[in-house]
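Heads up, the thing below is written out as structure tokens.
The values are calculated or read from the model by the stated rules, or taken from the named source; none is laboratory data. Since the model is a prediction, treat every value here as computed from it, not as a measurement. Glycine also receives a Cβ, built like all others from the backbone with ideal geometry; neighbour counts cover every protein chain displayed. Heavy atoms of the whole protein, side chains included, go into the accessibility calculation; ligands, DNA and RNA do not. Shrake-Rupley method; radii C 1.70, N 1.55, O 1.52, S 1.80 Å.
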Amino acid sequence: MTLLREAIGDSLRRARLAQHRTLREVSTSARVSLGYLSEVERGRKEASSELLAAICEALDVPLSRVLWDVSTIMAGADGSAPREPALTGPAAEHEAAAPEQAAPADPDAGEVPASASAAAEPGPRIGIAEDTRIVIPAPRAEMLVLVKGM
């Protein structure tokens, strides 16, 4: 079982390492002791929301990005895999009422787009339930490119 503080620490550490910054640099910028920041990154200390905000500001990474990353880590640790939800309720009614936009056919290829043929076929429509949560996996740290605004 992954603890929340461990997932937060892992996310913060990956963000710091992706920027090739030291603990000392980030701790000075965040105005937190080097030892405490190290404990937070290792998942040994629970960081307050104010401390997390200061660390994220020092890393120039939005807190929402860290929390998104953490939710992905926690979902992976739970063994829950994203599944394709079924549309039901008001979302399904909206989908049924709105005509589907088909991609234009390529006259040279002589093919009908799949979306056009699917729209012509009768059958049940699927929808997303109002209480359905969609989880989008966060990119791995090695894939992140952090751009600092000027």
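Each label was represented as a point 7 Å from its Cα along the Cα-to-Cβ direction; for Ala129 and Arg24 these points are 5.4 nm apart. The share of alpha-carbon pairs in the range 1-78 lying farther apart than 22 Å comes to 13%. Ligands, DNA and RNA left out, the accessible area of the range 1-82 computed with a 1.4 Å probe is 53% carbon and sulfur.
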